[in-house]
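Taking it in order: structure first as structure tokens, then the write-up.
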Amino acid sequence: MAIANILLVDDEKPFLETMTRRLAKREFITASASSGHEAIKLLEKNDELEVVVLDVKMPEMDGLQTLKIIRQRFPLVEVIMLTGHATIESAIEGMKLGAFDYLMKPCEMEELISKVREAAAKKRRHKEKIIEAQLKEITMRRI
């Protein structure tokens with residue numbers, strides 16, 4: 001089993017390519033999107049994605065707008081906000097909207113990996129609790 005299934009979202013193609021290679025070397029399964037719209041489409045098609053690493057500053061739909069949609073439509077997916085243009089306001093807003101964490105670009109690879117592992121573990125725990133609740137409900141109906 002892979003360490004985590006990650007969706008990288010950034011409008012800078014060289015950054016996406018570099019991060020994809022670096023994470024693949026560490027046994028992460030990665031997908032990438034160069035816009036918020038593309039990220040939403042990938043999440044709709046792939047329910048195995050656990051963690052989104054999302055750039056804040058992107059044209060058309062920025063990271064905060066994308067985060068809002070992810071929280072509404074894919075509530076179990078964890079989102080780590082990543083930006084080279086951090087402000088206290090956007091960090092606070094991202095956390096209020098439900099981001100798992102917020103990192104400055106460029107961030108240390110080990111710090112990102114640590115956050116991705118934590119986020120994936122949280123998502124898996126939530127999924128397990130939902131399955132347990134569903135099984136309990138099925139069992140109770142049979143009694």
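The values are calculated or read from the model by the stated rules, or taken from the named source; none is laboratory data. Just so it is clear, the structure is predicted and the values come from calculations on it, not from any experiment. Because the Cβ atoms are built from the backbone with ideal geometry, glycine has one as well, and the counts that use them run over all protein chains shown.
Being of a type in the set (A, V, I, L, M, F, W, C) and out of contact with any Lys or Arg (no Cβ under 8 Å at 6 or more places or on another chain) is the filter here; which residues of the stretch 34-49 pass it? Break it down stepwise before answering.
If we filter the stretch 34-49 for residues that are of a type in the set (A, V, I, L, M, F, W, C), which is where we start, we get 39-40, 42-43, 49.
Passing the criteria: Ala39, Leu42, Leu49.
Please pick out the residue among Leu135, Leu67 that is of a type in the set (A, V, I, L, M) and in contact (Cβ under 8 Å) with a residue 24 or more places away in the chain.
Working: Leu135 fails: in contact (Cβ under 8 Å) with a residue 24 or more places away in the chain.
Just one listed residue meets the conditions, Leu67.
Starting from residues that are aliphatic (A, V, I, L, M) and under 15 Å from Glu50 (Cβ atoms), keep the ones in the stretch 105-130 and report whichever is surrounded by the most Cβ atoms within 10 Å (Cβ to Cβ). Can you show your working first?
Pass one, the stretch 105-130, residues aliphatic (A, V, I, L, M): 109, 112-113, 116, 119-121, 130.
Cutting the leftovers down to under 15 Å from Glu50 (Cβ atoms) gives us 112-113, 116, 119-121, 130.
Numbers: Leu112: 21, Ile113: 17, Val116: 25, Ala119: 23, Ala120: 20, Ala121: 14, Ile130: 11.
This residue is Val116.
Kindly indicate which of Lys105, Lys122, Lys96, Lys129 is without any contact (Cβ under 8 Å) to a residue 40 or more places away in the chain, among the charged types (D, E, K, R) and closer than 30 Å to Gly84 by Cβ.
Values: Lys105 fails: without any contact (Cβ under 8 Å) to a residue 40 or more places away in the chain; Lys122 fails: without any contact (Cβ under 8 Å) to a residue 40 or more places away in the chain; Lys129 fails: closer than 30 Å to Gly84 by Cβ.
Going through Lys105, Lys122, Lys96, Lys129 in turn, just one is without any contact (Cβ under 8 Å) to a residue 40 or more places away in the chain, among the charged types (D, E, K, R) and closer than 30 Å to Gly84 by Cβ: Lys96.
Here is a list of conditions, (1) over 20 Å from Thr20 (Cβ atoms); (2) in contact with a Pro (Cβ under 8 Å, 6 or more places away or on another chain), and Leu67 meets all of them except one; can you say which number that is?
Result: Leu67 fails condition (2) only.
Among the residues of the stretch 63-102, which ones are part of a helix (DSSP H, G or I) and among the small types (Gly, Ala, Ser)?
Going through the stretch 63-102, the residues part of a helix (DSSP H, G or I) turn out to be 63-73, 88-96.
Within the stretch 63-102, Gly63, Ser90, Ala91, Gly94 qualify.
This table checks each residue for (1) outside any loop (DSSP other than H, G, I, E, B); (2) surrounded by fewer than 19 Cβ atoms within 10 Å (Cβ to Cβ).
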| position | (1), (2) |
| --- | --- |
| Ile3 | no, yes |
| Asp11 | no, yes |
| Phe15 | yes, yes |
| Thr20 | yes, yes |
| Leu23 | yes, no |
| Ser32 | yes, no |
| His37 | yes, yes |
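From (1) among the hydrophobic types (A, V, I, L, M, F, W, C); (2) closer than 23 Å to Gly94 by Cα; (3) part of a helix (DSSP H, G or I), pick out the condition that doesn't hold for Val53.
The single condition Val53 does not satisfy is (3).
Picking from Glu44, Glu27, which residue would you name as being at pLDDT below 95, loosely packed, with under 13 Cβ neighbours inside 10 Å and outside any strand (DSSP E or B)? Lay out the reasoning, then the answer.
Numbers: Glu44 fails: at pLDDT below 95.
Sole residue among the options that is at pLDDT below 95, loosely packed, with under 13 Cβ neighbours inside 10 Å and outside any strand (DSSP E or B): Glu27.
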